[in-house]
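This report refers to the structure that appears directly beneath it.
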Amino acid sequence: MLGVAEIEQLPVSQARAGDSAAWDTLFRRYQRPLYVYAFELVHDEQASLDIVQETFINAARHLGSLREDAKIGSWLFGIAHQKCLQRWRKREREEMLREEFPQTAVEFETAPDDLLIREEQESEFMKLLNQLPPPQRSVLLLHFIEEFSLEEIAGITGVSLGTVKSRLHYAKKSLRRLWEAQT
Amino acid sequence: MKTPREILLEHHRSAHAKLDAVRTNALREIADGHSAKEDTSPNHVATPWMFFRELFLPARGVWKGLAACWAVILVLHFAARDSSPTVAKTLPPPSPGMLQALRPQQELLAELLSGDTKPTNAEQPRRSHPSPRTEIRSPAVIA
(Lines give C-alpha, C1' and ligand atoms only; values in the text may rest on other atoms or scores of the structure.)
Protein backbone atom coordinates (compact mmCIF):
# COMPACT_ATOMS: atom_id res chain seq x y z
CA MET A 1 0.00 0.00 0.00
CA LEU A 2 1.36 3.42 -0.93
CA GLY A 3 1.50 6.01 1.80
CA VAL A 4 -0.01 9.45 1.34
CA ALA A 5 3.44 10.98 0.88
CA GLU A 6 4.69 8.32 -1.50
CA ILE A 7 2.24 9.16 -4.27
CA GLU A 8 3.42 12.77 -4.33
CA GLN A 9 6.37 14.29 -6.11
CA LEU A 10 8.02 16.45 -3.49
CA PRO A 11 10.98 18.75 -4.26
CA VAL A 12 13.35 17.17 -1.75
CA SER A 13 16.49 17.39 -3.89
CA GLN A 14 15.80 21.06 -4.63
CA ALA A 15 15.36 21.71 -0.92
CA ARG A 16 18.67 19.97 -0.30
CA ALA A 17 20.25 22.39 -2.76
CA GLY A 18 18.93 25.28 -0.66
CA ASP A 19 15.96 26.27 -2.80
CA SER A 20 13.67 28.23 -0.48
CA ALA A 21 10.64 27.66 -2.74
CA ALA A 22 11.18 23.92 -2.36
CA TRP A 23 11.31 24.27 1.42
CA ASP A 24 8.11 26.29 1.28
CA THR A 25 6.41 23.50 -0.67
CA LEU A 26 7.59 20.86 1.78
CA PHE A 27 6.54 22.88 4.80
CA ARG A 28 3.12 23.62 3.33
CA ARG A 29 2.62 19.94 2.69
CA TYR A 30 3.55 18.79 6.17
CA GLN A 31 2.78 21.69 8.49
CA ARG A 32 -0.74 20.62 9.39
CA PRO A 33 -0.16 16.85 9.62
CA LEU A 34 2.82 17.49 11.89
CA TYR A 35 0.84 19.93 13.96
CA VAL A 36 -2.05 17.47 14.33
CA TYR A 37 0.34 14.73 15.39
CA ALA A 38 2.11 16.95 17.91
CA PHE A 39 -1.08 18.47 19.29
CA GLU A 40 -2.83 15.14 19.75
CA LEU A 41 0.15 13.94 21.75
CA VAL A 42 1.10 16.95 23.86
CA HIS A 43 -2.29 18.74 24.02
CA ASP A 44 -0.71 22.16 24.04
CA GLU A 45 -1.16 24.56 21.14
CA GLN A 46 1.97 26.63 21.67
CA ALA A 47 4.12 23.58 22.35
CA SER A 48 2.79 21.97 19.17
CA LEU A 49 3.58 25.07 17.10
CA ASP A 50 7.08 25.10 18.60
CA ILE A 51 7.51 21.43 17.74
CA VAL A 52 6.51 22.06 14.12
CA GLN A 53 8.92 24.97 13.81
CA GLU A 54 11.77 23.07 15.47
CA THR A 55 11.06 20.11 13.20
CA PHE A 56 11.35 22.30 10.10
CA ILE A 57 14.56 23.94 11.27
CA ASN A 58 16.11 20.60 12.24
CA ALA A 59 15.06 19.18 8.90
CA ALA A 60 16.76 22.03 7.06
CA ARG A 61 19.95 21.50 9.05
CA HIS A 62 20.09 17.74 8.67
CA LEU A 63 18.45 17.05 5.32
CA GLY A 64 21.81 15.71 4.14
CA SER A 65 21.36 12.72 6.42
CA LEU A 66 18.15 11.68 4.63
CA ARG A 67 19.12 8.80 2.34
CA GLU A 68 15.88 8.26 0.45
CA ASP A 69 13.97 11.31 -0.73
CA ALA A 70 10.73 9.30 -0.74
CA LYS A 71 11.04 8.90 3.02
CA ILE A 72 10.86 12.62 3.72
CA GLY A 73 7.46 12.25 5.42
CA SER A 74 8.47 9.58 7.89
CA TRP A 75 11.76 11.40 8.46
CA LEU A 76 9.96 14.63 9.38
CA PHE A 77 7.56 12.76 11.65
CA GLY A 78 10.53 11.04 13.26
CA ILE A 79 11.99 14.43 14.17
CA ALA A 80 8.62 15.64 15.46
CA HIS A 81 8.20 12.44 17.47
CA GLN A 82 11.54 13.03 19.20
CA LYS A 83 10.43 16.56 20.05
CA CYS A 84 7.18 15.20 21.47
CA LEU A 85 9.11 12.66 23.52
CA GLN A 86 11.18 15.47 25.01
CA ARG A 87 7.95 17.19 26.10
CA TRP A 88 6.55 13.95 27.44
CA ARG A 89 9.66 13.27 29.43
CA LYS A 90 9.21 16.57 31.13
CA ARG A 91 5.55 16.04 31.96
CA GLU A 92 4.50 12.44 31.86
CA ARG A 93 7.58 10.37 32.50
CA GLU A 94 5.83 8.13 34.98
CA GLU A 95 2.95 7.40 32.65
CA MET A 96 5.32 6.47 29.82
CA LEU A 97 7.25 4.09 32.01
CA ARG A 98 4.18 2.46 33.50
CA GLU A 99 2.65 1.27 30.30
CA GLU A 100 3.55 -2.22 29.16
CA PHE A 101 2.29 -4.07 26.13
CA PRO A 102 2.56 -7.71 25.17
CA GLN A 103 5.16 -8.05 22.42
CA THR A 104 3.15 -10.54 20.39
CA ALA A 105 3.13 -9.85 16.68
CA VAL A 106 -0.46 -9.34 15.68
CA GLU A 107 -1.32 -9.06 12.01
CA PHE A 108 -2.89 -5.76 11.23
CA GLU A 109 -5.79 -6.41 8.93
CA THR A 110 -7.61 -3.13 8.33
CA ALA A 111 -6.54 -0.11 6.30
CA PRO A 112 -6.98 3.41 7.79
CA ASP A 113 -9.74 4.27 5.36
CA ASP A 114 -11.75 1.24 6.48
CA LEU A 115 -12.78 3.20 9.52
CA LEU A 116 -15.37 5.73 8.39
CA ILE A 117 -16.95 8.07 10.84
CA ARG A 118 -20.18 9.98 10.57
CA GLU A 119 -20.11 13.74 10.92
CA GLU A 120 -22.07 13.76 14.16
CA GLN A 121 -19.62 11.32 15.67
CA GLU A 122 -16.46 13.28 14.85
CA SER A 123 -16.13 14.95 18.22
CA GLU A 124 -16.72 11.62 19.93
CA PHE A 125 -13.97 10.10 17.86
CA MET A 126 -11.55 12.82 18.91
CA LYS A 127 -12.45 12.33 22.56
CA LEU A 128 -11.96 8.59 22.33
CA LEU A 129 -8.64 9.03 20.60
CA ASN A 130 -7.42 11.12 23.48
CA GLN A 131 -8.38 8.44 25.98
CA LEU A 132 -5.80 6.08 24.52
CA PRO A 133 -2.41 5.88 26.22
CA PRO A 134 0.20 8.02 24.41
CA PRO A 135 2.21 5.17 22.82
CA GLN A 136 -0.95 3.65 21.32
CA ARG A 137 -2.22 7.07 20.29
CA SER A 138 1.08 7.88 18.63
CA VAL A 139 1.03 4.75 16.50
CA LEU A 140 -2.63 5.21 15.59
CA LEU A 141 -2.12 8.85 14.63
CA LEU A 142 0.79 8.00 12.35
CA HIS A 143 -1.36 5.31 10.80
CA PHE A 144 -4.32 7.62 10.33
CA ILE A 145 -2.65 10.89 9.39
CA GLU A 146 -0.06 9.76 6.84
CA GLU A 147 -0.94 6.11 6.36
CA PHE A 148 2.63 5.15 7.18
CA SER A 149 3.56 1.52 6.88
CA LEU A 150 4.28 -0.48 10.02
CA GLU A 151 8.00 -0.39 9.21
CA GLU A 152 7.89 3.37 8.84
CA ILE A 153 6.02 3.76 12.12
CA ALA A 154 8.63 1.57 13.79
CA GLY A 155 11.33 3.84 12.37
CA ILE A 156 9.56 7.01 13.48
CA THR A 157 8.82 5.87 17.01
CA GLY A 158 12.07 3.97 17.47
CA VAL A 159 10.48 0.70 18.55
CA SER A 160 10.48 -2.76 17.03
CA LEU A 161 8.07 -3.84 14.31
CA GLY A 162 6.43 -6.30 16.70
CA THR A 163 5.80 -3.56 19.23
CA VAL A 164 4.23 -1.37 16.53
CA LYS A 165 1.95 -4.19 15.43
CA SER A 166 1.00 -4.87 19.00
CA ARG A 167 0.33 -1.23 19.83
CA LEU A 168 -1.71 -0.68 16.70
CA HIS A 169 -3.75 -3.79 17.35
CA TYR A 170 -4.52 -2.80 20.93
CA ALA A 171 -5.15 0.81 19.96
CA LYS A 172 -7.75 -0.15 17.39
CA LYS A 173 -9.26 -2.67 19.75
CA SER A 174 -9.50 -0.07 22.52
CA LEU A 175 -10.95 2.47 20.12
CA ARG A 176 -13.59 0.04 18.93
CA ARG A 177 -14.47 -0.94 22.46
CA LEU A 178 -14.82 2.70 23.51
CA TRP A 179 -16.76 3.42 20.34
CA GLU A 180 -19.21 0.63 20.96
CA ALA A 181 -19.64 1.67 24.57
CA GLN A 182 -20.48 5.19 23.46
CA THR A 183 -22.91 4.18 20.75
CA MET B 1 -18.76 9.82 6.18
CA LYS B 2 -15.14 10.80 6.70
CA THR B 3 -11.88 9.04 7.24
CA PRO B 4 -9.96 9.58 10.52
CA ARG B 5 -7.36 11.57 8.55
CA GLU B 6 -9.95 13.99 7.25
CA ILE B 7 -11.45 14.41 10.70
CA LEU B 8 -8.07 15.03 12.32
CA LEU B 9 -6.95 17.59 9.74
CA GLU B 10 -10.23 19.43 9.76
CA HIS B 11 -10.33 19.46 13.52
CA HIS B 12 -7.17 21.60 13.51
CA ARG B 13 -8.10 23.87 10.61
CA SER B 14 -8.14 26.85 12.95
CA ALA B 15 -4.37 26.58 13.43
CA HIS B 16 -3.80 27.34 9.74
CA ALA B 17 -2.87 31.01 10.21
CA LYS B 18 -0.49 30.23 13.08
CA LEU B 19 1.11 27.46 11.09
CA ASP B 20 1.67 29.86 8.20
CA ALA B 21 3.49 32.15 10.61
CA VAL B 22 5.56 29.21 11.87
CA ARG B 23 6.44 28.29 8.29
CA THR B 24 7.48 31.85 7.51
CA ASN B 25 9.68 31.97 10.61
CA ALA B 26 11.27 28.64 9.77
CA LEU B 27 11.96 29.74 6.19
CA ARG B 28 13.54 32.96 7.46
CA GLU B 29 15.75 31.07 9.87
CA ILE B 30 16.79 28.67 7.14
CA ALA B 31 17.56 31.58 4.81
CA ASP B 32 19.66 33.23 7.55
CA GLY B 33 21.47 29.96 8.12
CA HIS B 34 22.22 29.60 4.42
CA SER B 35 23.51 33.16 4.15
CA ALA B 36 25.73 32.60 7.19
CA LYS B 37 27.08 29.44 5.56
CA GLU B 38 27.74 31.29 2.31
CA ASP B 39 29.76 33.88 4.19
CA THR B 40 32.17 31.18 5.27
CA SER B 41 32.31 29.47 1.88
CA PRO B 42 35.75 29.21 0.18
CA ASN B 43 34.89 31.93 -2.37
CA HIS B 44 34.67 34.52 0.35
CA VAL B 45 37.82 33.36 2.14
CA ALA B 46 39.85 34.85 -0.67
CA THR B 47 39.69 38.34 0.88
CA PRO B 48 42.73 39.11 3.09
CA TRP B 49 40.73 39.67 6.24
CA MET B 50 38.87 36.38 5.82
CA PHE B 51 42.14 34.63 5.07
CA PHE B 52 43.64 36.09 8.24
CA ARG B 53 40.63 35.01 10.28
CA GLU B 54 40.63 31.51 8.84
CA LEU B 55 44.35 31.05 9.38
CA PHE B 56 45.06 32.76 12.69
CA LEU B 57 41.92 33.01 14.77
CA PRO B 58 41.26 29.29 15.29
CA ALA B 59 44.72 28.76 16.91
CA ARG B 60 45.23 32.17 18.42
CA GLY B 61 47.11 30.86 21.47
CA VAL B 62 49.60 28.91 19.38
CA TRP B 63 50.33 31.90 17.21
CA LYS B 64 50.78 34.13 20.28
CA GLY B 65 53.23 31.62 21.75
CA LEU B 66 55.21 31.45 18.54
CA ALA B 67 55.30 35.24 18.29
CA ALA B 68 56.57 35.50 21.89
CA CYS B 69 59.34 32.96 21.18
CA TRP B 70 60.44 34.86 18.13
CA ALA B 71 60.42 38.12 20.08
CA VAL B 72 62.67 36.60 22.77
CA ILE B 73 65.02 35.18 20.11
CA LEU B 74 65.29 38.55 18.38
CA VAL B 75 65.92 40.42 21.64
CA LEU B 76 68.68 37.98 22.62
CA HIS B 77 70.20 38.17 19.17
CA PHE B 78 70.40 41.98 19.14
CA ALA B 79 71.60 42.12 22.72
CA ALA B 80 74.47 39.72 21.93
CA ARG B 81 75.46 41.68 18.83
CA ASP B 82 75.44 45.04 20.60
CA SER B 83 77.40 43.85 23.64
CA SER B 84 80.56 42.55 21.87
CA PRO B 85 81.98 45.99 20.78
CA THR B 86 81.05 47.51 24.09
CA VAL B 87 83.03 44.83 25.91
CA ALA B 88 86.08 45.63 23.78
CA LYS B 89 85.62 49.32 24.39
CA THR B 90 85.32 48.96 28.12
CA LEU B 91 88.49 46.84 28.54
CA PRO B 92 91.15 48.75 30.56
CA PRO B 93 94.50 49.54 28.82
CA PRO B 94 97.35 47.05 29.61
CA SER B 95 99.31 47.91 32.74
CA PRO B 96 103.10 48.75 32.56
CA GLY B 97 103.96 45.56 34.47
CA MET B 98 102.19 43.48 31.87
CA LEU B 99 104.00 45.34 29.08
CA GLN B 100 107.34 44.67 30.82
CA ALA B 101 106.56 40.97 31.11
CA LEU B 102 105.65 40.82 27.43
CA ARG B 103 108.90 42.45 26.30
CA PRO B 104 111.27 39.40 26.81
CA GLN B 105 108.79 37.25 25.00
CA GLN B 106 108.76 39.67 22.08
CA GLU B 107 112.58 39.66 22.01
CA LEU B 108 112.73 35.89 22.05
CA LEU B 109 110.23 35.75 19.20
CA ALA B 110 112.33 38.24 17.21
CA GLU B 111 115.50 36.13 17.74
CA LEU B 112 113.79 32.99 16.59
CA LEU B 113 112.46 34.67 13.48
CA SER B 114 115.80 36.26 12.53
CA GLY B 115 117.63 32.81 12.46
CA ASP B 116 121.00 34.11 13.85
CA THR B 117 121.04 31.75 16.72
CA LYS B 118 122.66 28.29 16.27
CA PRO B 119 120.48 25.38 16.80
CA THR B 120 121.07 23.69 20.07
CA ASN B 121 122.15 20.05 20.19
CA ALA B 122 119.02 18.30 20.32
CA GLU B 123 118.93 14.77 21.55
CA GLN B 124 119.02 12.35 18.66
CA PRO B 125 116.10 10.08 18.51
CA ARG B 126 116.91 6.50 19.38
CA ARG B 127 116.82 4.01 16.58
CA SER B 128 114.61 1.24 17.53
CA HIS B 129 115.96 -2.27 16.89
CA PRO B 130 113.63 -5.16 16.38
CA SER B 131 113.45 -7.51 19.30
CA PRO B 132 114.68 -11.10 18.82
CA ARG B 133 112.15 -13.29 17.12
CA THR B 134 110.67 -15.93 19.28
CA GLU B 135 110.60 -18.47 16.39
CA ILE B 136 114.41 -18.85 16.60
CA ARG B 137 114.74 -21.52 19.21
CA SER B 138 117.91 -22.96 20.67
CA PRO B 139 118.98 -26.48 19.47
CA ALA B 140 118.98 -27.79 23.02
CA VAL B 141 115.34 -27.05 23.33
CA ILE B 142 114.62 -28.79 20.02
CA ALA B 143 116.49 -31.87 21.09
Among the helices (runs of 4 or more DSSP H) contained in the range B:1-88, which hold 3 or more residues that are over 30 Å from A:S20 (Cα atoms) and either facing chain A (nearest Cβ under 9 Å) or modelled with pLDDT under 80 (or both)?
B:48-56
Of all residues in the range A:41-57, which are more than 7 Å from every other protein chain (Cβ to nearest Cβ) and closer than 18 Å to A:L142 by Cβ?
A:L41, A:V42, A:H43, A:S48, A:I51, A:T55
Given the criteria outside any helix (DSSP H, G or I), touching a residue at least 24 places away in the same chain (Cβ under 8 Å) and within 21 Å of A:K83 (Cα to Cα), does A:E152 qualify?
no
Between residues in the range A:14-32 that are within 7 Å of chain B (Cβ to nearest Cβ) and residues that are part of a loop (DSSP other than H, G, I, E, B) and surrounded by 16 or more Cβ atoms within 10 Å (Cβ to Cβ), which pairs lie under 7 Å by C-beta distance while being six or more apart or on different chains?
A:R32/B:H12
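The values are calculated or read from the model by the stated rules, or taken from the named source; none is laboratory data. Here the structure is a predicted model, which is why all the values come from computation and not from measurement. When we count neighbours, we look across all protein chains shown, and the Cβ atoms used for this are built from the backbone with ideal geometry, even at glycine.
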